[in-house]
Structures are given as structure tokens and as C-alpha cells.
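Novice: Right, I'll just put the structure down here and ask away after.
Every number here is computed from the coordinates shown, using simple stated rules; none is lab data. Everything quoted here is computed from the prediction, not taken from an experiment. All Cβ positions, even for glycine, are placed from backbone atoms using ideal geometry, and neighbour counts span all protein chains on display.
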Amino acid sequence: MTVCIDLLEVLKVWKQGTQFPAPEDWVFASPAQLGKLPWSYPAVWKAFQKAAEGAGIGKLATHTMRHTYRAWLDAAGTPIAVQQKLMRHADIRTTMNIYGDVVTDEMSQAHAKVVQMVLPKKAVNGR
């Protein structure tokens with residue numbers, strides 16, 4: 001999740017430096033369309049790759065963000081029917097089953113606590 005947060009920070013900084021930095025503006029608003037439409041997919045892909053490299057991730061598929069977006073919607077407590085519509089899935093089963101396996105910070109923290117209870121500190125810390 002940390003990598004996604006790092007990438008999000010890079011994208012936020014990048015967006016703040018654009019002509020269209022308002023929260024309701026497209027992340028990749030097209031200057032040619034006066035911000036009313038997003039850039040074309042190839043232009044978004046290039047900017048996404050630049051942001052991923054800036055976050056130290058390297059190459060990353062834009063589709064990855066769909067899974068991240070679903071995880072953030074879920075973490076925000078968004079009803080599943082709203083998530084389905086926002087993700088433009090025709091079938092709610094796609095939202096739940098394909099994009100449903102999310103690992104939230106809460107899950108990671110809970111897992112870490114269980115590992116600490118089960119494994120000796122020596123094994124966890126590598127000493």
C-alpha cells in the first residue's frame with residue numbers, strides 16, 4: 001500500500017502544477033480541450049509511467065490503478081453498488097470478485113500483529 005501512497009503523492013504534486021489543479025478537474029485534463037476532457041490514453045499512459053518512475057516504482061500498468069481505486073473506495077466505506085457504478089462494471093460480481101481482494105492498511109496491521117504473536121521476535125527481526 002505504501003507504493004500506491006507514494007505514487008498518489010507524486011500524482012498530487014504533478015496535478016497541482018497543471019493548469020487545472022482543482023479537485024473536480026481531471027487528473028490528466030487536456031489543455032487542448034480547456035480541461036473539459038481528459039488527455040488521450042497514450043498521453044495518460046506516458047504521464048502515468050513518468051509518475052511511477054518518479055515514485056521509484058518503475059514500469060506500471062494503468063490498469064493497476066483500477067484495483068487501487070476499488071481498494072480506496074472500499075476503505076472509504078463506499079457502498080458496493082456505488083463502487084460498481086463508479087468503476088463502470090455492468091455486473092456487480094465483477095466489482096466484488098475480480099476487484100474484491102483488497103488489502104487495506106487495517107488488514108496489514110492486523111496481519112503484522114498476528115505474526116508478532118506467533119513468531120518469536122528473533123525470527124521477525126531476522127536476528
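Novice: Only helical DSSP H runs with n ≥ 4 go in: add -39500 (n - 2.57) per run for the chain, normalise by residue count and round the 222 nm mean residue ellipticity to 500 deg cm²/dmol. Provide the component values of the computation, followed by the final result.
Specialist: Details: 6 runs with 67 residues, N = 127.
Dividing the helical sum by the residues of the chain leaves -16000 deg cm²/dmol.
Novice: Quick one: 3J(HN,Hα) in Hz for the stretch 40-48, Karplus 6.51/-1.76/1.60 with θ = phi - 60°, rounded, Gly and Pro as x.
Specialist: Coupling constants for the stretch 40-48: 5, 4, x, 5, 5, 4, 4, 5, 5 Hz.
Novice: Around A75, what is the net charge, scoring Lys/Arg as +1 and Asp/Glu as -1 over all other residues with Cβ under 9 Å from its Cβ? Walk me through the numbers on the way to the answer.
Specialist: Numbers: positive: none; negative: D74, D105, E106.
Summing Lys/Arg as +1 and Asp/Glu as -1 gives -3.
Novice: Any of K59/K113; K36/K85; K50/K85; K15/K59; K12/K36 with alpha carbons more than 27 Å apart? Name them for me. All intermediate terms of the calculation are to be shown ahead of the outcome.
Specialist: Values: K59/K113 32 Å; K36/K85 21 Å; K50/K85 29 Å; K15/K59 20 Å; K12/K36 19 Å.
Distance filter (> 27 Å) returns K59/K113; K50/K85.
Novice: Starting from the eigenvalues of the Cα gyration tensor, five times each then square-rooted, give me the equivalent ellipsoid semi-axes of the chain, largest first, whole Å.
Specialist: Working: eigenvalues 212, 87, 30 Å².
Calculated on Cα positions only, the semi-axes equal 33, 21, 12 Å.
Novice: Further question: Between K36 and D105, what's the calculated FRET efficiency when r is the beta-carbon distance and R0 is 35 Å? Round to 0.05.
Specialist: Details: r = 35 Å, r/R0 = 1.01.
With a Förster radius of 35 Å, E is 0.50.
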